[in-house]
1. Please name all residue pairs, on different chains or six or more residues apart, with Cβ atoms under 7 Å, provided the first residue is in the range 89-114 and is within 16 Å of N179 (Cα to Cα) and the second residue is small (G, A, S) and modelled with pLDDT under 95.
2. Looking for something surrounded by 15 or more Cβ atoms within 10 Å (Cβ to Cβ) and of a type in the set (K, R) - is there at least one such residue anywhere in the range 75-82?
3. Output the residues belonging to the range 95-117 that are within 22 Å of the chain's Cα centre (by Cα) and acidic (D, E).
4. Among the residues of the range 125-140, write down those that are surrounded by 15 or more Cβ atoms within 10 Å (Cβ to Cβ) and farther than 18 Å from D153 by Cα.
5. Give the residue that is surrounded by the most Cβ atoms within 10 Å (Cβ to Cβ), with candidates limited to residues of the range 7-51 that are in contact with a helix residue (DSSP H, G or I) (Cβ under 6 Å, 6 or more places away or on another chain) and either on the phi > 0 side of the Ramachandran plot or part of a helix (DSSP H, G or I) (or both).
6. Condition test on I23, is it at pLDDT below 90, under 20 Å from T146 (Cβ atoms) and of a type in the set (A, V, I, L, M, F, W, C)?
7. For the range 68-88, name all the residues that are of a type in the set (S, T, Y) and either touching a Ser or Thr at 6+ places or on another chain (Cβ under 9 Å) or free of Cβ contacts under 8 Å to residues at least 12 places away in the same chain (or both).
8. Considering only the range 89-128, state which residues are farther than 16 Å from C169 by Cβ and either part of a helix (DSSP H, G or I) or not assigned by TED's automatic domain parsing to the domain that holds Q157 (or both).
Amino acid sequence: MLSFLESYIEEAYIPDKRLWSKIVSQSITIFEENRWILSVQRRPELNRYFKIHSCLTDHRLVRLSATDPFFTRGLLLLIRLGSVAIKSGQCTLCNHYTDDIVKHLILNCEHVVDIRNEMFYAVVNLISVQDSVKLFQQDEDDMLVTLLGGVNDYVKQLNSDVWKQLMLCLTGHMLKLYNHSKSVLFYHNFNFGH
């Protein structure tokens with residue numbers, strides 16, 4: 001914004017109120033976005049959060065819940081799981097030590113393998129074979145970003161209706177998984193208010 005002021009002073013030109021308001025608004029938006037990005041990037045435990053929610057706008061799943069209010073509770077759970085900091089610790093369900101409790105519970109914990117398999121079978125039955133193969137070929141971090149509503153290369157190639165159906169399908173399964181493993185999350189101080 002300072003460069004705008006300098007050029008206006010040098011040229012002895014002051015824009016009209018509407019244009020000036022737009023310039024100020026854009027400058028503030030850019031400043032806030034950059035400040036937010038820097039603060040998140042400085043904290044490695046927020047790496048997954050930044051991959052899921054990489055810009056300072058409404059979360060995609062919040063917008064989806066507005067169009068499908070029946071799924072709001074499950075979509076908010078996905079947002080919460082994607083928003084918590086990466087934290088290491090021991091899973092109190094299977095006694096496995098992990099660098100990322102949330103990733104462990106969703107993708108690896110032996111205690112919830114039946115729920116996870118049920119979720120993955122539902123996903124495979126919902127999306128095309130090609131999309132299923134691509135989903136499961138991602139590394140664990142990218143797959144978790146996909147499952148928690150983030151945008152990555154896999155999601156970018158999905159049709160928006162397919163993505164919507166995928167997210168809505170995941171909500172019920174993630175709620176079930178959460179209900180079986182919330183004691184672990186509470187133990188590690190992830191209190192989601194339920």
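1. Final answer for the pair search is T92/S183; L93/S181; I101/G89; L105/S181; C109/S181; V112/S181.
2. Of all residues in the range 75-82, those surrounded by 15 or more Cβ atoms within 10 Å (Cβ to Cβ) come to 75-82.
Subsequent filtering for residues that are of a type in the set (K, R) retains 80.
Scanning the range 75-82 turns up at least one residue that is surrounded by 15 or more Cβ atoms within 10 Å (Cβ to Cβ) and of a type in the set (K, R).
3. D99, D100
4. Filtering the range 125-140 down to residues surrounded by 15 or more Cβ atoms within 10 Å (Cβ to Cβ) leaves 126-127, 131-132, 134-135, 138.
L126 - this is the single residue of the range 125-140 that is surrounded by 15 or more Cβ atoms within 10 Å (Cβ to Cβ) and farther than 18 Å from D153 by Cα.
5. Within the range 7-51, the subset in contact with a helix residue (DSSP H, G or I) (Cβ under 6 Å, 6 or more places away or on another chain) is 14, 23, 40, 46, 49-51.
Adding the requirement that they be either on the phi > 0 side of the Ramachandran plot or part of a helix (DSSP H, G or I) (or both) leaves 23, 40, 46, 49-51.
Numbers: I23: 15, V40: 15, L46: 17, Y49: 19, F50: 17, K51: 17.
That would be Y49.
6. Details: at pLDDT below 90: yes; under 20 Å from T146 (Cβ atoms): no; of a type in the set (A, V, I, L, M, F, W, C): yes.
No: the conditions fail for I23.
7. Filtering the range 68-88 for residues of a type in the set (S, T, Y) gives 72, 83, 88.
T72, S88, listed by residue number.
8. In the first step, residues of the range 89-128 are kept if they are farther than 16 Å from C169 by Cβ; the result is 89-105, 107-114.
Hits for the range 89-128 are I101, V102, K103, H104, L105, L107, N108, E110, H111, V112, V113, D114.
The values are calculated or read from the model by the stated rules, or taken from the named source; none is laboratory data. Since this is a predicted model, take the numbers as computed values, not measurements. Every residue, glycine as well, gets a Cβ built from its backbone with ideal geometry; the counts of neighbours run over all protein chains shown.
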